[in-house]
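Participant: Sharing a structure with you now.
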Amino acid sequence: MVIVLNKNGFKLPRMDKDKFVNLMRLGLEYNRDIALFSIKSCNNIEKIMEAVSAILGSEVVFLQSCIRCGKDFQCNGCSYVELCTTKNLPFSCVCPRCLSDKKHFEEASLNLG
Amino acid sequence: MLRNEILWVEKYRPKKIQDIIGNEEAKATFAEWLQNKHHNKKAVLLYGPPGVGKTALVNASAKEYDFTIIEMNASDTRSEKAVNAVAKPATSYKALDNFSGTTKTRGNMLFLDEVDGIAGNQDRGGVSAIIKIVEESLVPVIMAANDPDISKLRPLKKVCLLVRFQQVRIPLIIALLQKICLLEHVKAEFEALERIAKNSRGDVRSAINDLQSLSEQNHTLTLQDTMMLRSRNKALSMDETLRGFFTAESIGEASRLLSYSNVNYDDFLLSVSDNLPKRYIDPNELAKAYNLVSQADVFRGRIGTENWHLLKYFYNELAKAASVNNVSYKPFEFISPPIRIITLFWTKGKRTMLNNICLKIGAQCHVSKETAKNDFIPFIKVILQKKKSSGLVDWLKFTQEEVDFLAKMSRF
């Protein structure tokens with residue numbers, strides 16, 4: 001099973017102190033008021049994914065945010081996922097829908113001709 | 001020849017932070033730091049692969065936040081003296097304009113690009129001088145590096161806020177290329193842009209250069225046009241390099257393959273040497289190939305750490321060794337990594353144990369490790385083989401494991 005997380009806020013089950021401290025060191029932060037974890041630093045993002053996967057006991061993937069439409073989407077629909085060195089990591093990208101929407105690009109190109 | 005003289009990488013260099021594509025989190029962290037939201041760190045180290053926007057981010061943010069950049073890059077000498085001469089004055093005072101309110105500028109920003117390239121005698125004392133400057137600086141100090149894990153940068157990392165840059169994703173590069181095509185009036189096929197983006201391996205700069213070189217003449221770009229693109233930064237593994245090397249049909253092909261590969265030259269030389277007997281069955285061919293490898297080794301020695309202009313001769317001699325007889329090739333299983341490295345790996349535990357024993361003997365007998373190994377251990381070994389629990393064991397403070405190791409040791 002794959003668990004999909006939102007980088008801006010996600011819940012984790014209660015864990016022991018060492019695991020919590022490790023997550024904080026790796027670059028997560030915890031908001032007590034809303035009881036949600038979020039990513040503060042992406043320097044150790046691969047290790048964060050591993051630690052969160054170990055806590056949840058399942059593979060985790062993060063949602064991507066599209067720079068064009070602003071919507072969140074998953075990497076599994078992308079045709080470049082095999083070549084991507086940052087797949088499933090919580091970064092910005094262009095969603096397959098916006099990228100395949102050649103309308104804007106082609107219209108402008110045709111006008112040039 | 002390019003039609004107009006301006007390179008598109010320069011023409012479309014980001015003017016604002018938001019113009020830089022990808023690495024949103026890194027950009028946000030850096031902008032926060034620049035606005036003094038990270039008071040505990042006086043310097044920032046931007047690190048990541050080339051062409052992902054590290055230098056562009058510094059330039060764009062300097063424009064956006066009205067800083068004057070004082071830059072030192074890999075083309076400058078960065079010894080202690082040189083760093084102090086340039087960076088100290090730039091960082092030790094704030095601009096007077098700042099206080100008068102007559103200009104918008106917020107003062108200097110020191111930018112040290114490619115700090116991982118500070119090396120050798122030429123840049124002696126450079127890193128420690130930079131650390132001192134960071135500690136005393138009154139202005140933001142920014143550094144950029146491709147590889148932050150090299151040992152000489154460890155002290156620098158302690159005083160810096162680290163910001164990691166990732167390869168720019170293919171869809172983002174395609175989106176940027178589409179935008180440039182529109183602005184440059186280039187009619188481009190989507191598949192052609194896709195191929196350029198894939199080929200760039202996350203390097204935006206190279207993608208823009210490829211787009212310009214392929215489309216500037218005709219203002220059109222088809223997938224067919226991109227077929228001549230050579231793969232960039234193709235990181236061939238040792239296995240792939242060896243396979244390509246031994247199956248090469250000409251010296252030129254073998255030589256070209258070596259120039260693409262990123263394997264360590266010394267490891268590759270050892271691997272070729274180990275695999276030659278499998279490649280050439282005929283003794284005369286094998287002798288000829290080994291002779292060429294030995295000549296390559298001579299060139300490797302002459303290259304050392306600085307004479308890189310000799311690298312082509314190293315490649316050439318190795319390539320000749322791969323093509324002594326192209327007809328006799330039969331597929332075989334490669335030995336990789338080199339036997340010497342495998343042996344060193346397997347014997348590491350034994351060597352560490354022997355080293356500890358020599359240290360104990362050296363401490364008790366006031367001799368060097370080498371003397372302990374050559375002059376003492378052969379006798380101690382004979383003594384222990386006869387009687388394991390002698391007074392000697394207690395005096396030299398050997399553990400039971402060390403006694404067993406010495407007694408069973410066949411050679412050293």
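Participant: Compute the relative contact order of chain B as a whole-number percentage, counting only Cα pairs closer than 8 Å that sit 6 or more residues apart in sequence. Can you show the working numbers first?
Facilitator: Details: 551 pairs, mean separation 53.4, N = 412.
About 13 percent, as a whole number.
Participant: So, one more: With the cut-off at 27 Å, tell me which of the pairs B:Lys348/B:Lys369; A:Lys7/B:Lys152; A:Lys71/B:Lys27; B:Lys15/B:Lys132 have Cα atoms farther apart than that.
Facilitator: On the way: B:Lys348/B:Lys369 17 Å; A:Lys7/B:Lys152 34 Å; A:Lys71/B:Lys27 20 Å; B:Lys15/B:Lys132 32 Å.
A:Lys7/B:Lys152; B:Lys15/B:Lys132, as the Cα separations exceed 27 Å there.
Participant: Work out Dmax and Rg for region B:321-380 from the C-alpha atoms and quote the Rg first, both in angstrom.
Facilitator: That works out to 20.7, 63 Å for Rg and Dmax.
Participant: If you don't mind, there's one more thing I want to ask. Determine which aspartates and glutamates satisfy two conditions relative to B:Lys41: a Cα distance under 16 Å, and not lying fewer than 8 residues away in the same chain.
Facilitator: B:Glu32, B:Glu135, B:Glu136
Participant: Also: Using unit Cβ charges (K, R positive; D, E negative) and no other charged atoms, how large, in debye to the nearest 20, is the dipole of the protein assembly as shown about its Cα centre?
Facilitator: On the way: 73 positive and 59 negative charges, 300 e Å.
Using only the charged Cβ atoms, the result is roughly 1440 debye.
Participant: Using helices alone, I'd like the mean residue ellipticity at 222 nm for chain B: each DSSP H run of four-plus residues gives -39500 (n - 2.57), total over residue count, nearest 500. Write down the numbers at each step before the final one.
Facilitator: Numbers: 20 runs with 215 residues, N = 412.
That comes out to -15500 deg cm²/dmol.
Participant: Give me the tail of P(r) for region B:347-408 as a percent: Cα-Cα pairs with distance above 18 Å. Walk me through the numbers before you get to the answer.
Facilitator: Details: 471 of 1891 pairs.
Result: 25 percent of Cα pairs exceed 18 Å.
Participant: Right, here's the next one. What FRET efficiency comes out for the pair B:Lys63/B:Ile335, r = Cβ-Cβ distance, R0 = 51 Å, nearest 0.05?
Facilitator: On the way: r = 55 Å, r/R0 = 1.07.
Working from the Cβ atoms, E equals 0.40.
Participant: Helix hunt in chain B: which complete DSSP H runs extend at least 18 Å axially by C-alpha with mean Kyte-Doolittle at least -0.5?
Facilitator: Details: long enough: B:170-184 (21 Å, 1.92); B:265-279 (20 Å, -0.57); B:283-303 (30 Å, -0.28); B:348-365 (25 Å, -0.16).
Helix filter hits for chain B: B:170-184, B:283-303, B:348-365.
Participant: Could I ask something else about it? Take B:Ser128 and B:Thr371, extend 7 Å from each Cα along the Cα→Cβ direction, and tell me the distance between the two endpoints in nm.
Facilitator: Calculated label separation equals 3.2 nm.
Participant: Inverting the mean 1/r over all pairs of different Cα atoms, compute the Kirkwood radius of the protein assembly as shown and quote it in Å. If you can, show how the numbers build up before the last one.
Facilitator: Numbers: mean 1/r = 0.0355 Å⁻¹.
Every distinct Cα pair counted, the radius reaches 28.2 Å.
Participant: For A:Ala35 and A:Lys17 in one chain, what is 0.36 nm times their gap in residues minus the Cα-Cα distance, to one decimal in nm?
Facilitator: On the way: separation 18, 0.36 × 18 = 6.48 nm, distance 1.58 nm.
Result for the pair: 4.9 nm of gain on full extension.
Participant: Label points 7 Å out from Cα along the Cβ direction at B:Glu240 and B:Trp308: separation in nm?
Facilitator: Simple spin-label model gives 2.1 nm for this pair.
Participant: Beyond 40 Å, how much of the Cα-Cα pair distribution for chain B remains, as a whole percent? Write down the numbers at each step before the final one.
Facilitator: On the way: 37005 of 84666 pairs.
Result for the distance tail: 44 percent.
Participant: Sticking with this one: Based on the alpha carbons, how large is the Rg to Rh ratio for region B:238-337 when Rh follows Kirkwood?
Facilitator: Values: Rg = 12.4 Å, Rh = 13.3 Å.
Taking Rh as the inverse mean 1/r over Cα pairs, Rg/Rh reads 0.93.
Participant: Average partner chain C-beta neighbours within 10 Å, per residue of B:159-172? Spell out each step's value before the answer.
Facilitator: Working: counts 0, 0, 2, 3, 3, 6, 1, 7, 4, 3, 14, 9, 16, 6.
Across B:159-172, the average partner-chain Cβ count within 10 Å equals 5.
Participant: Turning to a different aspect of this structure: Please report, largest first and rounded to whole Å, the three semi-axes of the ellipsoid equivalent to region B:170-280, where each semi-axis is the square root of five times an eigenvalue of the C-alpha gyration tensor.
Facilitator: Numbers: eigenvalues 279, 37, 18 Å².
Those come to 37, 14, 10 Å.
Participant: Sticking with this one: Could you compute Rg(Cα) / (2.2 N^0.38 Å) for region B:170-228, with N its residue count?
Facilitator: Details: Rg = 9.7 Å, N = 59, 2.2 N^0.38 = 10.4 Å.
Relative to the 2.2 N^0.38 Å estimate, region B:170-228 comes out at 0.94.
Participant: Too long at a 29 Å Cα-Cα cut-off: which of B:Lys278/B:Lys381; B:Lys42/B:Lys63; A:Lys17/B:Lys54?
Facilitator: On the way: B:Lys278/B:Lys381 40 Å; B:Lys42/B:Lys63 20 Å; A:Lys17/B:Lys54 36 Å.
In this structure, B:Lys278/B:Lys381; A:Lys17/B:Lys54 lie more than 29 Å apart at Cα.
Participant: Mind giving me the nanometre distance, one decimal, between the label points for A:Asp72 and B:Ser389, set 7 Å out from Cα along Cα→Cβ?
Facilitator: Placing both labels 7 Å along Cα→Cβ, they lie 6.9 nm apart.
Participant: On average over all directions, what projected area in square nanometres does region A:1-62 have, based on the convex hull of its Cα atoms? Write down the numbers at each step before the final one.
Facilitator: Values: hull surface 15.3 nm².
The Cα convex hull of region A:1-62, projected and averaged over all directions, gives 3.8 nm².
Participant: So which GluC sites (Glu not before Pro) in region B:314-408 end up in coil per DSSP with only 15 or fewer other C-beta atoms within 10 Å?
Facilitator: Details: sites: B:Glu317, B:Glu333, B:Glu370, B:Glu401, B:Glu402; in loops: B:Glu333.
Filter output for region B:314-408: B:Glu333.
Participant: On to the next question. Which of B:Phe246, B:Ser323, B:Ser273 sits farthest toward the positive end of the charge dipole of the protein assembly as shown, with +1 on the Cβ of Lys and Arg and -1 on the Cβ of Asp and Glu?
Facilitator: Going by the Cα projections, it comes out as B:Ser273.
Participant: List the lysines whose alpha-carbon lies under 16 Å from that of A:Lys11, not counting same-chain residues fewer than 8 positions away?
Facilitator: In chain and number order, the partners are A:Lys19, A:Lys40.
Participant: Between B:Leu359, B:Ser390, B:Leu406, whose Cα lies farthest towards the positive end of the dipole of region B:347-408 when Lys and Arg beta carbons carry +1 and Asp and Glu beta carbons carry -1, centred on the Cα centre?
Facilitator: B:Leu406
Participant: Can you find, among B:Val263, B:Asn374, A:Phe20, the residue farthest towards the positive end of the dipole of the protein assembly as shown? Put +1 on the C-beta of Lys and Arg, -1 on that of Asp and Glu.
Facilitator: Ranked along the dipole, the leading option is B:Asn374.
Participant: How far, in nm, would the chain grow between B:Glu191 and B:Val298 when pulled straight, counting 0.36 nm per residue and subtracting the alpha carbon separation?
Facilitator: Details: separation 107, 0.36 × 107 = 38.52 nm, distance 4.69 nm.
Result for the pair: 33.8 nm of gain on full extension.
Participant: Can you bin region A:2-112 into rounded, prolate or oblate? Criterion: square roots of the alpha carbon gyration tensor eigenvalues sorted a ≥ b ≥ c, rounded for a/c under 1.5, prolate for a/b above b/c, oblate for the rest. If you can, show how the numbers build up before the last one.
Facilitator: Values: a/c = 3.05, a/b = 2.46, b/c = 1.24.
The shape class here is prolate.
Participant: Sort out for me the Cα centre separation of region B:147-174 from region A:58-90, rounded to whole Å.
Facilitator: Answer, in whole Å: 21.
Participant: Separate question: Viscosity 0.692 mPa s, temperature 37 °C: give me the Stokes-Einstein translational D for region B:261-398 in µm²/s, with Rh taken as the Kirkwood radius over C-alpha pairs.
Facilitator: On the way: Rh = 18.7 Å.
Here the translational diffusion coefficient equals 175 µm²/s.
Participant: So if each residue of separation counts as 0.36 nm, and I subtract the Cα-Cα distance between B:Met227 and B:Asn356, what length gain in nm does that give? Walk me through the numbers on the way to the answer.
Facilitator: Details: separation 129, 0.36 × 129 = 46.44 nm, distance 5.94 nm.
Result: 40.5 nm gained on full extension.
Participant: Please work out the FRET efficiency for the pair B:Glu10 and B:Gln364, using the Cβ-Cβ distance as r and a Förster radius of 51 Å; give the result to the nearest 0.05.
Facilitator: Working: r = 69 Å, r/R0 = 1.35.
Taking R0 as 51 Å, the efficiency between B:Glu10 and B:Gln364 is 0.15.
Just so you know, all these numbers are worked out from the coordinates, no wet-lab data involved. This structure is a prediction, so every number in the text was calculated from the model and none was measured. Note that each Cβ is placed from the backbone with ideal geometry, even for glycine, and that neighbours are counted across all protein chains shown.
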